[in-house]
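The following block contains the structure, expressed as structure tokens.
Each value in this text was obtained by applying a stated rule to the coordinates, not by laboratory testing. Just so we're clear, the structure is a prediction, and the values are computed from it rather than from any experiment. When we count neighbours, we look across all protein chains shown, and the Cβ atoms used for this are built from the backbone with ideal geometry, even at glycine.
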Amino acid sequence: MMRAPLLPLPESHVMDRRPSAAAAIAGALFLSACQTPTHRPMEIVTTPFGTTADGQQVRLFELRSASGPIARVTDYGATLVEMWAPDRSGEMADVILGFDDVRGYESDANQYFGCTTGRVANRIAEGRFELGGQTYQLAVNNGPNHLHGGGARALNRVVWDAEAAVTEEGQQVRFRYVSPNGEEGYPAALTMSVTYTLTADGDLRIDYEATSDGATPFNLTNHAYWNLAGQGAPTVLDHELRLNASRYTPVDATLIPTGAIDTVPVALDFRSARPIRDHLEGVAGTSTEGYDHNFVLDGNPDALDFAAELHDPTSGRVLSIWTTEPGIQFYSGNFLFGQRGKRGATYAHRSACCLETQHFPDSVNQPTFPSTILRPGETLRTTTLHRFSAR
Ligand code: BGC
């Protein structure tokens, strides 16, 4: 582990939008720079990422792989800040939304960009649940419901401990956080780690681990917003999506599951790859205001199995996702409002989408859904893997 200053990518090598010929040359230069890095290849470079409003210093860690992809993660919210992947001609682009420093992540413009989301990802009806004969009331921060772990002490808003290591698999950062009993209204103290590993092959794997000193609902995800043309490109609606899901969990007007598990209707049928925009009108005028649905994965629930593939036909970039989780929330960036993000990019309505591997929303109140209750003595382990390619 070393603490040498990060060498920023020269502006001419930074590709956020659709490639030009000049950019292709720059990309090739960038790739060759990757192959002959100016710092030792086994080093994990760490740089300051600003100071939080309450005075905590936050860091950015750079993970590199021999095969090209580069990830940058911060200890604020155990967040994925940048993800660089090559297109079909080798040109690199940063394919997720985010901010240049921690103040951006603390601002109202941040809609959970790249963060670790929890203690319970997605919604809990009216922020209320019963467990062990007690009723718990959480923050109501999304209409009448609780969303993504609540307020100022939700997991995306706290600074995690970080430990960087180079392993046989690749470069990794393990973030650890102990959430005290009662934090954000949740019962029990939780000890968690979120480990980002960029393998030598360029896969980004996220391993989650947690133990608890009492029964508590728990459901972590990563909330990266993807645009495979490069962050700041105007829309993601021409990306083709394939989901390994023949069923989904329908929701009511406030996006709480009804409890049913139904076969996907035409608008939600992504079993064969197709452009996201094709049946958008089937969901745009509904309570979800676009795609914002939990899909029930058809894969083996006990294994790391295929969940989703996203393909940008223009650049050729492909993201495929494998997970041990039973569900995936496909959200088409319906509430992006043109906020300003990394390196001056603008994030227009539906200019990125999220593919959040998870247990189903409101599981704590839905007895027929797979349980999200973590109990003392158990160790919860889940994994989601992101693979980048081009065609
Ligand atoms: C939810 C959306 C929400 C978005 C951003 C997604 O996970 O499903 O309803 O608007 O996160 O907060």
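What residues qualify as long-range amide H neighbours of ALA189, i.e. H under 5 Å apart, gap of 5 or more or another chain, H built at 1.01 Å from N?
The list, which skips near neighbours in sequence, is ASN181, ASP213, GLY214.
Here is a follow-up. How much net charge surrounds PHE270 when only the other residues with a Cβ under 10 Å from the Cβ of PHE270 are counted, with Lys and Arg +1 and Asp and Glu -1?
-1
Okay, next question. What is the distance in Å between the Cα centroid of the range 116-146 and that of the range 281-334?
Each part reduced to its Cα centre gives a spacing of 24 Å.
From the square roots a ≥ b ≥ c of the eigenvalues of the alpha-carbon gyration tensor of the chain, which class results: rounded (a/c under 1.5), prolate (a/b over b/c), or oblate?
oblate
Related question: Calculated FRET efficiency, GLU281 and ASP302, Cβ-Cβ r, R0 45 Å, to nearest 0.05?
Calculated transfer efficiency: 0.75.
From the Cα gyration tensor of the range 290-337, with a ≥ b ≥ c the square roots of its eigenvalues, which class applies: rounded if a/c is under 1.5, or else prolate if a/b is larger than b/c, or else oblate?
Oblate, because a/c is 1.5 or more while a/b does not exceed b/c.
So what's the back-of-envelope 222 nm ellipticity for the chain, counting only DSSP H runs of four-plus at -39500 (n - 2.57) apiece and dividing by all residues, rounded to 500?
-1500 deg cm²/dmol
Could I ask something else about it? Enumerate the amide H contacts of HIS239 below 5 Å, restricted to partners 5 or more residues apart or on another chain; note that Pro and chain-start residues carry no placed amide H.
ILE276
Another question, then. Within the range 229-292, which GluC sites (Glu not before Pro) sit in a loop by DSSP and count at most 14 neighbouring Cβ atoms inside 10 Å?
Passing sites in the range 229-292 are GLU289.
What shape does the range 137-234 take by its C-alpha gyration tensor, where a ≥ b ≥ c are the square roots of the eigenvalues and a/c under 1.5 counts as rounded, a/b above b/c as prolate, and the rest as oblate?
Here the range 137-234 falls in the oblate category.
List, in order, the whole-Hz ³J(HN,Hα) value for each residue of the range 81-86 obtained from phi through the Karplus relation with A = 6.51, B = -1.76, C = 1.60 and θ = phi - 60°; use x for Gly and Pro.
In residue order, the calculated couplings are 9, 9, 9, 9, 9, x Hz.
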